[in-house]
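One structure is given below, encoded as structure tokens.
What follows draws every value from the coordinates through simple rules; no lab data is involved. Fair warning: this is a prediction, and the values are worked out from it, not measured in the lab. Neighbour counts are summed over all protein chains in view; Cβ atoms, including those assigned to glycine, are modelled from backbone coordinates with ideal geometry.
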């Protein structure tokens, strides 16, 4: 998972841990080393489920858990995930921010309803961008010293004043409705150009001709807009219609964050392609894999394993087996796709809700967590309202900045 300017060395089965090493089954740790099943700790070492141990006792306890076995690892996972729910979550994940809303935001100022971003300011509706982003709106994927990006995907490295564009970089400026153009400026509806200026539909013009024709095209787009198969109207100022996409909905990352059925996607005007499954005959069921990594022989590299979750086939490659042996981790029982889905489910998704802090004074609303110190609202319920990716039906304890900080930081 993304962590802002972190020095992550080795972490296992953990989430939202920054500047940490040797962390197992933990969440929201900063500057910690050798911790297991911990929550909301800062600069700690040799802790298990938030309790301190000596170095020797710490590793003795881990040995007792038999983390080299699948049964021991699963027992530890269930215990850790249950332990996480006993402690408050901050209403959003992020550090070093001023006036922001969204989720997974780091080193940001005046950024709203954005997800998985860092080093960004004065922007809204951005996703997966970083390394210096300014004054941008509806911008996804990349960044790196860019400004004034509007409805742009996959573009970066010194770009500015870019609109309705896909995969254009580096140092492009004043580019609209273009795809895969590089080191260029003043382009409109171009594809695959490099080091060009004042082009429309890949045809070269003088600056005077360019601006005159650009204005004429924009007026035409407003007067005779494109209408898609769902009856939606696209005038100048809209990104490309989804039916223009060469990819089907379920082949894109959109399915991870906004899952749709085939019927739902087609109803909204997205493409959908029925993919014929590749069927392989399994030679080994997940349940028949030896429990401990130490009992695994190289012969498993030849096996086709049946996923315990979806039933699809997967294999273990030599480099993966070497990694698992090095760190004493048992062979996974699920295919790559199911493992990804399990990890992804631990993260909040980019859906936002207006909620009130769940601190009720001396404890959380559900009385699961007892506050360790006095809060600014004393024994009354916290009045602070937040915008959060934790839905109202999520049982997690969700604290505002003030309540979370006095308990954790």
Review point. If you take the alpha carbon radius of gyration of region 284-344 and divide it by 2.2 N^0.38 Å, what ratio comes out, to two decimals?
Key: 1.05
Review point. Going by average Cβ neighbours within 10 Å, how do the peptides 108-115, 198-205 rank, with the highest at the top?
Key: 108-115, 198-205
Practice item. Under a 10 Å cutoff between Cα atoms, tell me which one of 89, 340, 210 has the largest fluctuation in the Gaussian network model of the chain. Key: 340
Check your understanding: Which of these, 14, 140, 292, has the largest mean-square fluctuation under a Gaussian network model of the chain (Cα springs below 10 Å)?
Key -> 292
**Study point:** Linear extension gain, residue 61 paired with residue 381, 0.36 nm per residue minus alpha-carbon span
**Key:** 111.3 nm
Check your understanding: What is the gain in length, in nm to one decimal, between residue 233 and residue 327 on full extension, counting 0.36 nm per residue of separation less the C-alpha to C-alpha distance?
Key -> 28.3 nm
Check your understanding: What's the FRET efficiency of residue 258 with residue 51 using the Cβ-Cβ distance as r and R₀ = 51 Å, to the nearest 0.05?
Key -> 0.80
Exercise for review: Determine, for 169, 272, the number of other Cβ atoms within 10 Å of each Cβ, and report the residues in order from fewest to most.
Suggested key: 272, 169
**Study point:** Approximate spin-label separation residue 182-residue 315, in nm, with each point projected 7 Å along Cα-to-Cβ
**Key:** 3.3 nm
Point to revise | Stokes-Einstein diffusion coefficient of region 97-214, Kirkwood radius over Cα pairs, 25 °C, 0.890 mPa s, in µm²/s | key: 175 µm²/s
**Study point:** Which labelled figure in (1) 158; (2) 198; (3) 175 is volume of the Cα convex hull per residue in Å³, once derived from the coordinates
**Key:** (3)
Practice item. Please work out the Kirkwood hydrodynamic radius for region 352-409, using every pair of different C-alpha atoms, and report it in angstroms with one decimal place. Key: 11.4 Å
Revision key, fill the gap. Taking Cα atoms, the helix 318-327 axis meets the longest principal axis of the chain at an angle in degrees (rounded to 10) of 40 degrees
Point to revise | Sorted by Cβ density within 10 Å, fewest first, the residues 317, 304 | key: 317, 304
Exercise for review: Give the calculated FRET efficiency between residue 212 and residue 113 to the nearest 0.05, with a Förster radius of 60 Å applied to their Cβ-Cβ distance.
Suggested key: 0.95
Check your understanding: Which residue fluctuates the most in the chain, going by a Gaussian network model with Cα springs under 10 Å, if the choices are 337, 174, 128?
Key -> 337
Check your understanding: For residue 21 and residue 291, what does the FRET efficiency come to when R0 = 30 Å and r is the distance between their Cβ atoms, rounded to the nearest 0.05?
Key -> 0.60
Practice item. Quick one: angle between helix 70-84 and the longest Cα principal axis of the chain, in degrees between 0 and 90, rounded to 10, please. Key: 70 degrees
Point to revise | Considering only the chain, percent of DSSP beta bridges that pair antiparallel, nearest 5 | key: 20 percent
Check your understanding: In nm, what is the difference between 0.36 nm times the number of residues separating residue 267 and residue 78 and their Cα-Cα distance?
Key -> 64.2 nm
Point to revise | Relative contact order %, region 117-247, counting alpha carbon pairs below 8 Å whose residues are six or more apart | key: 10 percent
Exercise for review: For region 11-90, calculate the relative contact order in percent as a whole number, restricting contacts to Cα pairs under 8 Å that are 6 or more residues apart.
Suggested key: 19 percent
Point to revise | Rounded tilt (10° steps) of 207-223 against the dominant C-alpha axis of the chain | key: 70 degrees
Exercise for review: Return the ratio Rg/(2.2 N^0.38 Å) for region 44-91, where Rg is computed over Cα atoms only.
Suggested key: 1.29
**Study point:** Helical contribution to [θ] at 222 nm, DSSP H n ≥ 4, -39,500 (n - 2.57), averaged over the chain, rounded to 500
**Key:** -5500 deg cm²/dmol
**Study point:** Translational diffusion of region 299-408, µm² s⁻¹ [Kirkwood Rh, Cα pairs; Stokes-Einstein; 25 °C; 0.890 mPa s]
**Key:** 140 µm²/s
Practice item. Order by neighbour count: 344, 93, 377, fewest other Cβ atoms within 10 Å first, most last. Key: 344, 377, 93
Revision key, fill the gap. With T = 37 °C, eta = 0.692 mPa s and Kirkwood Rh from C-alpha pairs, the Stokes-Einstein D of region 11-90 in µm²/s is about 266 µm²/s
Review point. Roughly what percent of Cα-Cα pairs across region 212-368 reach past 21 Å?
Key: 69 percent
